[in-house]
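Colleague: One structure coming up, written as structure tokens, with questions to follow.
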Amino acid sequence: MKLIFAGSLSLAMALCAVPASAQVFEGPYVGLQAGWNHDKIGNASSDIGNLDIHDSRDSFTGGVYGGYNHQVAPNVVLGVEAGFNLGADDAVRGNAAVIDPNYSFDLGARAGYLVNDKTLAYVRGGYENTRARIASAAGNSHDTFDGWSIGGGVERALTDTISARLEYRYSDLGSDNGSFDRHQALVGVAYHF
């Protein structure tokens, strides 16, 4: 319900928005994001041993993000960003083993091109960390899965201080010949200071 309300509010703001300047993509910002998460796990190396899962799971994810943009040329924006996300009903099960993500955070860099004064197309990449509950015949524990992510998106200024974005991310959280891939499609709304 909250997601529908936030989406409706964003759409209404986009339709009624006053012209925004490119300066919205300069300086610090904070935002909320939500969307689709797909985890695909093969063999995952963990603190309690190798987890042979070979399954995938689609789920909802939501969280917060914040960062800083700097316009280095008339149409080029560089920035850094950090985010924190929680998932819902996202446990991946298979072969008597479970990986149930508790939360994840990411640190990354963005490079964007201003298509016009209100629209930024960008690519991003960085580090991702997921903390998860794990269980198998060997026992129960918590473990951390580290990896890298890459993606891109489009961000649109709705007002002089509010922007909305649509973003795709791919993350590789596997290690020691393990396979833990994550795909995400996220919608975000940010306030720019």
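Colleague: Of all alpha-carbon pairs in the range 75-130, indicate the percentage at a distance above 17 angstrom.
Modeller: Every Cα pair in the range 75-130 considered, those over 17 Å come to 57 percent.
Colleague: Show that you can apply the helix-only estimate: for the chain, add -39,500 (n - 2.57) for every DSSP H stretch of four or more residues, divide by all residues, and state [θ] at 222 nm to the nearest 500.
Modeller: -2500 deg cm²/dmol
Colleague: Report the Stokes-Einstein translational diffusion coefficient (µm² s⁻¹, integer) for the chain, Rh taken as the Kirkwood radius over Cα pairs, at 37 °C with viscosity 0.692 mPa s.
Modeller: 187
Colleague: Something else: Nearest 10 degrees is fine. How inclined is helix 2-16 to the longest principal axis of the chain, computing both from alpha carbons?
Modeller: The angle comes out near 20 degrees.
Read the figures in this text as sums done on the coordinates, not as results from a lab. Note that the structure is predicted; figures quoted are calculated from it, not measured.
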